[in-house]
1. What FRET efficiency do you get for residue B:194 and residue B:96 if R0 is 22 Å and r is their Cβ-Cβ distance, rounded to the nearest 0.05?
2. If you count, for every residue in A:17-23, the Cβ atoms of partner chains within 10 Å of its Cβ, what is the mean?
3. Can you give the mean number of other chain Cβ atoms that lie within 10 Å of the Cβ atoms in peptide A:121-130?
4. Subtracting the Cα-Cα distance from 0.36 nm times the residue separation, let me have the gained length for residue B:32 to residue B:137 in nm, one decimal.
5. How high is the FRET efficiency from residue A:33 to residue B:182, r the C-beta distance, R0 60 Å, rounded to 0.05?
6. Give me the extension gain from residue B:417 to residue B:511: residue separation times 0.36 nm, minus the current Cα-Cα distance, reported in nm with one decimal.
7. Taking every residue in A:57-66, how many Cβ atoms of other protein chains lie within 10 Å of its Cβ, on average?
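No lab work stands behind these numbers, since they all come straight from the coordinates. Fair warning: this is a prediction, and the values are worked out from it, not measured in the lab. Don't worry about glycine lacking a Cβ; one is built from the backbone with ideal geometry, like all the others, and counts go over all protein chains shown.
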């Protein structure tokens, strides 16, 4: 890879990527991990996440010519495409229902087991998050898994920061109820079995 | 950060997620992408740099433009049988009220202080995108109605500030609390009639949410910055700066509403009643709005105007039958000049809390060429190879399609000499919406196609039955045309199975319709051979 390209600032890289395959490849590599992780956190399945990540970047290739903006806007644009692609996948896939059913069963079976077991915690978390509506899933994932600021989440989901803050509050309330129902009554300093 | 947020963060840290990227997948995908990229024709655009400058804040501009269009369409549906009273046009009514409000500033003289109260009520929890997804998975009449209403509604209150060049800037004030309860905001303004100096501050309790001031040299703007903290910006005014002659245009109770809706899109007066306020003031209550697709006027502004002075006492905004905001006049008096500082940098920079005023740039529309439309479209888009013979001056508007981002929505408008204006709307949200309808109704079977063209288009005429023509009014009204009672609409399915809609503002013969549809051509093909 061209070392000059590797050294480019993101804003310059976006300009270069319009005419240079190497620059586009570099831009892709700078963002691949973040988008893959976001998809993995939304879908809780690395294979699905790889499929969806592929779709996301294909959309990016197809639409890159129409993108106008700086590095931050590109970053938000990527997350917006990823969010829509994940939502589209969840909507169209019957696997979500199947997955939810499996997680419910797992959850019911493990209520009496120790909550120190990571697999158990993961199953409950999956069940709780996947049962939220897609917008709440998006906001929770961006905020807590990707550590993205409220103002940037607002740009990704096309709302104001204040609305996102409000929806985050609602989403957490719902999540809390679902996790309590699944047996987790306390999160701070570990997890208790309710 | 709230306790539970921290707890949740800790909880997640303790979970081992399988989220390590696989370099093999990354490299393989990179090769695939580069192969696709190599096959994708480069689209050099000499206008790119110009566009970049113009569209510096394109999305926010378009969002604002779309919001205005949505506000217009909110309502969309001007229907004479629903008590429309056009004896006093609504825009004239507003202009008259603003002129009357000017007297509040100048009759009192010196430094005028005006205090208003804004109450914001929580809106519906679900947005149009979610409702559309819901509709796609399982369509019902109730879901259909909920989606359309959500699509056509807006949830924010426009607020205006003055920029350093003297031009107005639109902001949006919206509720953002963790609570579902209404929030009261004090809207305080001071205006010095002799010098034009002014200050406006929006507060909830002691907390400043928004402020704009002019101290004779600089413009100050205080809004929410990153992480919800108050951010104060000071700018020396430019040479062209001039304080508007009528302070009611930017400080007044109706300034935001008057400034955010184009004159030709102003909703009509549907009803006028009289009322006596608690302090004994007699007011006329004007209901400004459009009937919805089902004939109801449940999204509207209600203006309470003093019968003696013509000054607005209260504005109530109702969306889908629910009050979303009330803006009420409280005090108008003269104050001692020594009491007032015009310099906003004295404001305390405290966290903003629950409410914020979000900045959006001035509403603008984005007109594109056929070539630009074909480049930006994410699915096939079509144009008439030959513009309808009775029309002139085609314009294509590029609008954000937030529900299907990164897709765009396009509206090609053709004003007509004989009033039969034509609007062709297309975009992925249209395709998603009508595909859902198609899934349920099996278009073409339940109702036969009106016309199937040789170029692979199928057209379905929409009857005049109440509620079925809502989108034709949406399309025409949003494009600046006044929908006529004899307008017609067609849903089109393209050879690529995308949906679009044509609204024509008047009757069309069978031959005209067929010529119109026969001439539809993929925009990419048009660009390659426009003749």
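1. Values: r = 26 Å, r/R0 = 1.19.
About 0.25, to the nearest 0.05.
2. Details: counts 1, 5, 2, 0, 4, 1, 0.
Neighbouring Cβ atoms belonging to other protein chains average 2 per residue here.
3. On the way: counts 5, 4, 0, 2, 5, 2, 0, 0, 0, 0.
Per residue, the average neighbour count from other chains is 2.
4. On the way: separation 105, 0.36 × 105 = 37.80 nm, distance 3.15 nm.
Once the chain is fully extended between residue B:32 and residue B:137, it gains 34.6 nm.
5. Values: r = 44 Å, r/R0 = 0.73.
In this case the efficiency is close to 0.85.
6. On the way: separation 94, 0.36 × 94 = 33.84 nm, distance 1.89 nm.
Fully extending the segment from residue B:417 to residue B:511 adds 31.9 nm.
7. Details: counts 6, 4, 3, 3, 8, 5, 8, 4, 9, 10.
Counting Cβ atoms of other protein chains within 10 Å of each residue's Cβ and averaging gives 6.
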